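Heads up, the thing below is written out as structure tokens.
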Amino acid sequence: MTGPVLVPFDDEIARGWEPFALTRPCSELLFGSVTLRERAERGFGIPAAGVLSAPHLREFEDPGAPAVLPPEALPQGTPVVYWCVRAVLDADVPVSLPDPPALLTVQGQPAGWVAAADAPLPQRFFAELHTGTAPARRAELPGRWLEHAWQLVTLGPEQLARDLAAALRGCHTPTLPPGVDVGGDHPVELGRSVHLEPHVVFDTRNGPVWLGDRVEVRAFTRIEGPAAIRANSRVLGGSITAVSAGEHSHLHGEIAETTVLGYTNKAHDGYLGHAYVGRWVNLGAMTTNSDLKNTYGTVRVWTPQGERDTGALKVGAFIGDHVKTGIGLLLATGAVIGAGSNLFGSTMPPRYVPPFSWGEGGNLAEHRLEEFLTTAERMMSRRGVTLSERGRRCLEACWRLGRSASP
């Protein structure tokens, strides 16, 4: 017998984290410096054998992401650690797993369980942990919970600082090229083949800065920690503050307390603040979001359960995968832009844009499937990525589900 193996899962709450849950398992969302799936893998010291998510995502593909498993494809012959992706393990505390069967809790709430080899999957996952069917053996693990999608933004900078502090403990800033300045006591950590032009400034007074392999930072860029920018990204000038960016991100302008999943292009001026941006997004020149109401009141956002008050003063935009914006587009405070939307013109769109919308302002039509897929293929090919038949079928399933739910 081998194992155990790890299977993260999206519970019912995570599956409502729009505009992102329509097109990707929530395990593949960045929170801090790593995805929720990577955080579980590091905490347990086990790579994910696959993830459990919504059925329409069974053919989801992302570089480095495990497969979305149907129940019949779950690992056999070995214990399985099922873990709710909303439970965020502390980055610097090792986890010791109990023998199966065992319930795993975070802050006293059920977060997962260790199942014996070939034990059947509970039909309702998380819900069954509350019905008396859970095993008597329990283990409390250090961490906290994400209850709402907007917490990916409001708690993101703090989590990023924690992650980098744990990962870079004992590291020191290396010798940097002439003309590159550092101010602050936290380190700058560089991956392989990072290219820094003169007139780059790292401000590490509030946290470290980590740049992945082959990151390029152009002249007249100021990066303020905590900041993590993954491999093959380009920072093209401007003010970058408390940003977590996935691989192949192109960043420019003023970006603050924002997460970008990767393969996204924000290469021009414009403000992006307290925002969360999916993959394969292109933000046209001067696209800008508001993250503070004129009244200085708390920000309300759209959710599938209705509009909710975040309790936060600064909340920007939530921009789904494969969104495209035209030049000069303005986004309202707390805007939720559904996946696959193509927005343009001088009129601000509504605060909630249904997935796969096309148009200007409130005059939104359906972004037709074939036109959407053609645009997606063209953008992906520009980054050397081919939209496979499997990936195409997944996007088609997302389109059908998204448009059927749209008003």
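The values are calculated or read from the model by the stated rules, or taken from the named source; none is laboratory data. Small disclaimer: the values here were computed from a predicted structure and weren't measured. Virtual Cβ from ideal backbone geometry, glycine too; neighbours counted across all protein chains shown.
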Exercise. What are the pairs, 6+ residues apart or on separate chains, where a residue within segment 352-378 that is touching a residue at least 12 places away in the same chain (Cβ under 8 Å) has its Cβ under 9 Å from a residue that is in a helix (DSSP H, G or I) and of a type in the set (Phe, Trp, Tyr)?
Worked result: Pro355/Trp399; Phe356/Phe372; Phe356/Trp399; Trp358/Phe372; His367/Trp399; Leu369/Trp399; Phe372/Trp399; Leu373/Trp399
Problem set entry | Near pairs, Cβ below 6 angstrom, 6+ apart or cross-chain, from segment 263-282 (among the basic types (Lys, Arg)) to any residue that is at pLDDT 95 or above and buried (at least 21 other Cβ atoms within 10 Å of the Cβ) | Lys266/Leu251; Lys266/Leu283; Arg279/Leu261; Arg279/Tyr263; Arg279/Asp321
Problem set entry | Qualifying residues in segment 289-330 (those that are without any contact (Cβ under 8 Å) to a residue 12 or more places away in the chain and of a type in the set (D, E, K, R)) - the one farthest from Pro350 (Cα to Cα) | Asp309
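I want to confirm something. Restricting to segment 127-166 and keeping residues that are hydroxyl-bearing (Ser, Thr, Tyr) and farther than 29 Å from Ser244 by Cα, which single residue is modelled with the highest pLDDT? Reasoning before the result, please.
Of all residues in segment 127-166, those hydroxyl-bearing (Ser, Thr, Tyr) come to 131, 133, 154.
Okay, now just the ones that are also farther than 29 Å from Ser244 by Cα, so 131, 133.
Working: Thr131: 45, Thr133: 51.
Only one residue fits best here, namely Thr133.
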Exercise. Name the residues in segment 349-379 that are surrounded by 15 or more Cβ atoms within 10 Å (Cβ to Cβ) and polar (S, T, N, Q), would you?
Worked result: Ser357, Thr375
For this session: Give segment 135-162 a look and list any residue that's among the small types (Gly, Ala, Ser) and part of a strand (DSSP E or B), or say none.
Result: Ala139, Gly143
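In segment 302-318, what residues are among the hydrophobic types (A, V, I, L, M, F, W, C) and under 17 Å from Leu330 (Cβ atoms)? Steps first, answer last, please.
Pass one, segment 302-318, residues among the hydrophobic types (A, V, I, L, M, F, W, C): 302, 312-313, 315, 317-318.
Across segment 302-318, the qualifying residues are Val315, Ala317, Phe318.
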Seminar exercise, completed: So, first residue of a type in the set (D, E, K, R) in segment 50-72, second residue in a strand (DSSP E or B), Cβ within less than 6 Å, six or more apart or across chains; the pairs are Arg58/Val68
Seminar exercise, completed: Residues of segment 176-196 being buried (at least 16 other Cβ atoms within 10 Å of the Cβ), not aliphatic (A, V, I, L, M) and not in a strand (DSSP E or B), in sequence order, are Gly184, His186, Pro187
Seminar exercise, completed: The condition from (1) at pLDDT below 90; (2) under 20 Å from Ala149 (Cα atoms) that Glu72 misses is numbered (2)
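Count, please, the residues in segment 1-46 that happen to be free of Cβ contacts under 8 Å to residues at least 12 places away in the same chain and either basic (Lys, Arg) or at positive phi (or both). Walk me through it before giving the result.
Of all residues in segment 1-46, those free of Cβ contacts under 8 Å to residues at least 12 places away in the same chain come to 35, 38.
Now drop any that are not either basic (Lys, Arg) or at positive phi (or both), which leaves none.
Qualifying residue count for the region: 0.
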Seminar exercise, completed: Subset of segment 360-407, residues within 21 Å of the chain's Cα centre (by Cα), of a type in the set (A, V, I, L, M, F, W, C) and not in a helix (DSSP H, G or I), comes to Val385, Leu387
Problem set entry | Which listed residue is polar (S, T, N, Q), under 17 Å from Gly278 (Cα atoms) and touching a residue at least 24 places away in the same chain (Cβ under 8 Å), from Ser341, Ser388 | Ser341
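Sort through Ala256, Ala219, Ala245 and tell me the only one that's surrounded by fewer than 21 Cβ atoms within 10 Å (Cβ to Cβ) and under 18 Å from the mean Cα position of the chain (by Cα). Spell out the reasoning first.
Numbers: Ala219 fails: under 18 Å from the mean Cα position of the chain (by Cα); Ala245 fails: surrounded by fewer than 21 Cβ atoms within 10 Å (Cβ to Cβ).
Among Ala256, Ala219, Ala245, only Ala256 is surrounded by fewer than 21 Cβ atoms within 10 Å (Cβ to Cβ) and under 18 Å from the mean Cα position of the chain (by Cα).
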Exercise. Could you list, in sequence order, the residues of segment 153-167 that are buried (at least 22 other Cβ atoms within 10 Å of the Cβ) and not small (Gly, Ala, Ser)?
Worked result: Val153, Pro157, Gln159, Leu160, Asp163, Leu164
For this session: Hey, can you tell me all the residues within segment 285-301 that are part of a loop (DSSP other than H, G, I, E, B) and under 21 Å from the mean Cα position of the chain (by Cα)?
Result: Thr287, Ser290, Asp291, Val299
Exercise. In segment 37-49, which residue that is surrounded by 18 or more Cβ atoms within 10 Å (Cβ to Cβ) and touching a helix residue (DSSP H, G or I) at 6+ places or on another chain (Cβ under 7 Å) is nearest to Pro79 (Cα to Cα)?
Worked result: Ala48
For this session: Report yes if some residue within segment 268-280 is surrounded by 21 or more Cβ atoms within 10 Å (Cβ to Cβ), of a type in the set (D, E, K, R), under 16 Å from the mean Cα position of the chain (by Cα) and not in a strand (DSSP E or B); otherwise report no.
Result: no
For this session: Please state which of the following conditions Ser244 fails to meet, knowing it meets all the rest: (1) in contact with a helix residue (DSSP H, G or I) (Cβ under 9 Å, 6 or more places away or on another chain); (2) modelled with pLDDT under 95.
Result: (2)
